[in-house]
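Asker: Here you go, one structure.
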Amino acid sequence: MTTTKEMTAQKIDEQPPPFPLRTSVTTQPAPLTVSPSESRPAAGSLDVLVSCGPFDSPEFQQLNIVFTVADGWDNDDAEILTPDWETVVASIDLPAGWERDTSQDIKGRFTFAPKDQKAKPNDTLRLHLDIERLSAKIGITNVVFTIKPVAHQTRPEPVIIPLGKFPPGFSLTNFRADDPIVEYGEATKIRWDVSGDQGVSYEYYVNGQKSPLPSAQIKSPMDTGPLQRVTVYKLHAKYQVGSEWTTHDSSAVVHVNRGDIIANNITANNAEIAGMPPSCAKLVKKYDFPVNNSTKNWNIGNPGRPDDGLIVGILLIDSAEHVEASITLELVSTLTPTSKVTVTSPNSTFPCDHFVALAPAEAAYRVFLKTTGNGEIHGYMRLYWMSMTNNYTPPTLR
């Protein structure tokens with residue numbers, strides 16, 4: 001049996017770098033449901049997507065994708081995806097120049113290598129598995145992504161995506177908002193489709209905060225109430241077997257047009273931005289500079305990040321009479337609208353401004369800083385990360 005524990009063990013003396021690729025796994029059915037028995041096997045499928053950001057060209061020797069499988073029904077267990085790997089049919093779509101390494105025949109493991117040990121921007125790998133015989137044991141099985149680095153580089157932290165395996169017949173799909181974009185103060189409803197959930201209990205989260213509602217009262221649809229800011233909703237389904245739980249999460253985001261997210265005071269995780277960063281905000285980039293005619297740019301990204309958040313950009317320019325200068329900070333995203341702010345001098349008001357941009361987990365960003373002036377005064381730029389959950393690890397900037 002191939003176990004994910006063998007693949008994720010890593011002796012390190014320092015914090016490993018973040019995983020350099022984006023990863024996602026979807027299943028059909030969603031969530032996975034187990035086979036009623038060996039004689040009555042249930043089928044399912046997995047779609048795995050691995051991609052580079054539009055500004056990324058990571059270097060590595062190999063990408064490994066590992067599933068926990070067994071060599072027969074006698075070895076079936078809560079962490080097993082399928083006890084009959086030989087019946088699994090895999091379809092693979094590789095980016096140009098990539099190759100699959102089949103030199104080691106390890107069940108449940110796929111190994112891929114980019115050309116010249118370097119991936120290209122927007123490279124996308126797709127792996128589809130048709131599984132005729134899903135495990136008959138309720139539990140959680142992991143999909144593990146690891147990287148074999150090039151020489152003299154530190155092995156990145158692996159990405160582990162857990163997949164809950166629920167009783168036969170359970171289905172929870174289409175978790176969504178009736179209106180994904182609303183005006184300030186408007187409400188909408190959160191809906192989902194569910195069936196066969198006997199014994200399944202639920203928890204409901206709003207911007208990372210658990211609702212006090214008991215499981216029995218968490219039913220579709222749920223009214224959001226009036227909204228003033230971008231709000232993330234999550235439905236946590238769980239099923240207990242003995243002392244163990246299997247779980248499945250669904251999430252949806254409601255955007256508020258010109259809500260508190262772009263107001264002078266922004267609240268996220270009970271911390272307020274009002275000219276100064278809150279304690280839960282993590283500094284991503286600090287840059288102090290003379291205001292001259294120049295342009296700088298950086299990439300922001302942590303493709304392995306599992307959480308949504310906010311990116312806060314703050315600009316300040318020295319106030320000086322009769323000195324003309326301008327600074328523009330622009331955040332360009334692959335998934336969200338461009339955020340932009342400009343400050344100038346001389347200015348009748350304090351020359352400081354900011355933007356707050358929604359940062360979905362799967363998005364990548366490029367930051368542009370353009371300055372115009374004669375270098376007589378200075379500007380100050382700060383970029384902060386704010387979590388919408390309880391994960392405060394900031395993305396990387398390079």
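The values are calculated or read from the model by the stated rules, or taken from the named source; none is laboratory data. Note that the coordinates shown come from a computational prediction; the quantities given were computed from them, not determined experimentally. Note: ideal-geometry Cβ built from the backbone for every residue, glycine included; neighbour counts use all protein chains shown.
Asker: Listed residues THR224, THR246; which is under 26 Å from the mean Cα position of the chain (by Cα) and closer than 28 Å to LEU63 by Cβ?
Answerer: So the residue among THR224, THR246 that is under 26 Å from the mean Cα position of the chain (by Cα) and closer than 28 Å to LEU63 by Cβ is THR246.
Asker: Just for the stretch 82-98: of the residues that are assigned to a loop (DSSP other than H, G, I, E, B) and of a type in the set (A, V, I, L, M), which one is farthest from LEU21 (Cα to Cα)?
Answerer: So, considering only residues that are assigned to a loop (DSSP other than H, G, I, E, B) and of a type in the set (A, V, I, L, M), the one farthest from LEU21 (Cα to Cα) is VAL88.
Asker: Enumerate the pairs (first residue in the stretch 195-217 and part of a helix (DSSP H, G or I); second residue anywhere and hydroxyl-bearing (Ser, Thr, Tyr) and at pLDDT 95 or above) with beta-carbon separation below 7 Å, excluding pairs fewer than 6 apart on the same chain, so at least 6 apart or on different chains.
Answerer: That search, which allows pairs on different chains as well, returns SER215/SER201; SER215/TYR202.
Asker: Here is a further query. Looking at (1) part of a loop (DSSP other than H, G, I, E, B); (2) at pLDDT below 80; (3) not polar (S, T, N, Q), which one does ILE261 not meet, given that it meets all the others?
Answerer: Failing condition for ILE261: (1).
Let's see how each residue does on (1) in contact with a Pro (Cβ under 9 Å, 6 or more places away or on another chain); (2) assigned by TED's automatic domain parsing to the domain that holds ARG40; (3) part of a loop (DSSP other than H, G, I, E, B):
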residue: ASN122; (1), (2), (3): yes, yes, yes
residue: ASP130; (1), (2), (3): no, yes, no
residue: ALA136; (1), (2), (3): yes, yes, yes
residue: VAL143; (1), (2), (3): yes, yes, no
residue: ALA151; (1), (2), (3): no, yes, yes
residue: TRP192; (1), (2), (3): yes, no, no
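Asker: Scan the stretch 70-78 and give yes if some residue there is under 30 Å from VAL332 (Cβ atoms) and free of Cβ contacts under 8 Å to residues at least 24 places away in the same chain, otherwise no.
Answerer: There is no residue in the stretch 70-78 that is under 30 Å from VAL332 (Cβ atoms) and free of Cβ contacts under 8 Å to residues at least 24 places away in the same chain.
Asker: Ok, one more. In the list THR267, THR247, which residue meets the criterion of being at pLDDT below 50 and out of contact with any Leu (no Cβ under 8 Å at 6 or more places or on another chain)?
Answerer: Selected residue: THR267, the only one of THR267, THR247 that is at pLDDT below 50 and out of contact with any Leu (no Cβ under 8 Å at 6 or more places or on another chain).
Asker: Does the stretch 115-127 include one or more residues that are surrounded by 15 or more Cβ atoms within 10 Å (Cβ to Cβ) and touching a helix residue (DSSP H, G or I) at 6+ places or on another chain (Cβ under 8 Å)?
Answerer: Taking every residue of the stretch 115-127 in turn, none turns out to be surrounded by 15 or more Cβ atoms within 10 Å (Cβ to Cβ) and touching a helix residue (DSSP H, G or I) at 6+ places or on another chain (Cβ under 8 Å).
Asker: Also: Looking at the stretch 353-374 only, could you name the residues that are of a type in the set (Asp, Glu) and without any contact (Cβ under 8 Å) to a residue 60 or more places away in the chain?
Answerer: Within the stretch 353-374, just ASP353 meets the criteria.
Asker: Just checking, does the stretch 369-387 include any residue being modelled with pLDDT of 65 or more and among the basic types (Lys, Arg)?
Answerer: Yes; the residues of the stretch 369-387 include at least one that is modelled with pLDDT of 65 or more and among the basic types (Lys, Arg).
Asker: Being under 27 Å from GLY309 (Cα atoms), surrounded by 14 or more Cβ atoms within 10 Å (Cβ to Cβ), in contact with a helix residue (DSSP H, G or I) (Cβ under 8 Å, 6 or more places away or on another chain) and of a type in the set (D, E, K, R) is true for just one of GLU157, GLU132, GLU203. Which residue is that?
Answerer: GLU203
Asker: Related question: Just to be sure, is ASN207 assigned by TED's automatic domain parsing to the domain that holds ASP47 and either out of contact with any strand residue (DSSP E or B) (no Cβ under 9 Å at 6 or more places or on another chain) or not charged (D, E, K, R) (or both)?
Answerer: no
Asker: Shifting gears a bit: In the set LYS137, LYS115, which member is closer than 22 Å to HIS248 by Cα and basic (Lys, Arg)?
Answerer: Unique residue meeting the criteria: LYS137.
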